[in-house]
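*Asks:* Dumping the structure here so I can ask a few things about it.
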Amino acid sequence: MRTFVFAALLAVAVPAGAGLPAAYAPMVVEARGLPERAEFDLGPALQRARREHKSLYVYLGARDCPFCRRYEAFLAANASQLAPQFAARYIVVDLRSALAIQAPRLFFRSGGRSRGYADFMRELGDERARQLVYPSVWLLDALLRPLMQMPAGTGTFETVEEQLEILRLQQ
């Protein structure tokens with residue numbers, strides 16, 4: 001009985017299916033520094049990418065985001081076609097967040113430095129004055145350089161072919 005109660009409480013705390021599907025072997029990164037700030041350490045993912053000669057597919061999703069659940073459900077439903085394509089070129093990084101975490105409280109750590117969301121975006125060469133949206137995806141090389149400008153938010157990656165174009169870096 002105790003196991004059942006614990007499982008039920010866990011299901012309430014974290015929505016079922018939150019995060020990228022296991023078929024993609026995501027490297028899950030939880031935020032540190034909460035509740036004042038949410039800092040995601042990209043260092044271990046960058047080290048692994050260098051070691052394996054791969055790029056990073058960095059996904060920022062929110063546990064309470066319906067659009068994130070929709071994208072994750074799309075990935076789950078198409079895992080047989082997409083997961084091998086992800087695995088061939090990318091280390092999949094799943095940054096776990098919540099809608100309450102907005103840009104002023106969002107930080108990324110790598111190489112001993114921590115950068116706020118706006119600075120991180122500028123360093124990636126994204127000068128668009130856009131707000132943080134969930135979900136967000138970045139394709140980065142093992143030195144944290146962007147591979148292409150990425151769309152974000154709802155309505156992106158809605159077909160297998162669109163997702164494959166992104167993975168192949170076709171614009």
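The values are calculated or read from the model by the stated rules, or taken from the named source; none is laboratory data. Predicted model only: the values in this text are computed from it and were never measured. Cβ sites come from the backbone with ideal geometry, for glycine too, and all protein chains shown count toward neighbours.
*Asks:* For the list (1) within 12 Å of the chain's Cα centre (by Cα); (2) under 20 Å from L124 (Cα atoms); (3) not hydroxyl-bearing (S, T, Y), I need the number of the one condition that K54 fails.
*Replies:* Only one criterion is unmet by K54, namely (1).
*Asks:* Take the range 10-27 and flag every residue that is modelled with pLDDT of 90 or more, touching a strand residue (DSSP E or B) at 6+ places or on another chain (Cβ under 9 Å) and in a loop (DSSP other than H, G, I, E, B).
*Replies:* Passing the criteria: G19, L20, A25, P26.
*Asks:* Shifting gears a bit: So which residues in the range 31-51 are over 15 Å from the mean Cα position of the chain (by Cα) and not in a helix (DSSP H, G or I)?
*Replies:* Passing the criteria: R32, G33, L34, P35, E36, R37.
*Asks:* A further question on this structure: Can you tell me which residue in the range 99-129 is farthest from L164 (Cα to Cα), limited to those that are touching a residue at least 60 places away in the same chain (Cβ under 8 Å) and of a type outside the set (S, T, Y)?
*Replies:* Filtering the range 99-129 for residues that are touching a residue at least 60 places away in the same chain (Cβ under 8 Å) and of a type outside the set (S, T, Y), the one farthest from L164 (Cα to Cα) comes out as R105.
*Asks:* Among L95, L147, which is the only one that is out of contact with any Gly (no Cβ under 8 Å at 6 or more places or on another chain) and among the hydrophobic types (A, V, I, L, M, F, W, C)?
*Replies:* Just one listed residue meets the conditions, L147.
Every residue, every condition in (1) basic (K, R); (2) closer than 17 Å to F40 by Cα; (3) surrounded by 14 or more Cβ atoms within 10 Å (Cβ to Cβ); (4) within 15 Å of the chain's Cα centre (by Cα), yes or no:
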{"residue": "C68", "(1), (2), (3), (4)": "no, no, yes, yes"}
{"residue": "Y90", "(1), (2), (3), (4)": "no, no, yes, yes"}
{"residue": "A98", "(1), (2), (3), (4)": "no, yes, yes, yes"}
{"residue": "F108", "(1), (2), (3), (4)": "no, yes, yes, yes"}
{"residue": "A118", "(1), (2), (3), (4)": "no, yes, yes, no"}
{"residue": "M121", "(1), (2), (3), (4)": "no, yes, yes, yes"}
{"residue": "V133", "(1), (2), (3), (4)": "no, yes, yes, yes"}
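*Asks:* Here's another thing I want to ask about it. Going by the conditions given, is Q149 surrounded by fewer than 20 Cβ atoms within 10 Å (Cβ to Cβ), without any contact (Cβ under 8 Å) to a residue 40 or more places away in the chain and not small (G, A, S)?
*Replies:* The answer is yes for Q149.
*Asks:* List every residue pair whose Cβ atoms lie under 6 Å apart, where the two residues are 6 or more positions apart in sequence or sit on different chains, the first residue falls within the range 70-82 and is touching a residue at least 60 places away in the same chain (Cβ under 8 Å), and the second residue, located anywhere, is part of a helix (DSSP H, G or I).
*Replies:* The qualifying pairs are N78/V160; Q81/V160; L82/Q163.
*Asks:* Does F40 qualify as being modelled with pLDDT under 90 and either within 30 Å of I166 (Cα to Cα) or loosely packed, with under 13 Cβ neighbours inside 10 Å (or both)?
*Replies:* For F40, the condition - modelled with pLDDT under 90 and either within 30 Å of I166 (Cα to Cα) or loosely packed, with under 13 Cβ neighbours inside 10 Å (or both) - is not met.
*Asks:* Also: Could you list, in sequence order, the residues of the range 86-104 that are over 23 Å from L34 (Cβ atoms) and not in a strand (DSSP E or B)?
*Replies:* Correct list: F86, A87, A88, R89.
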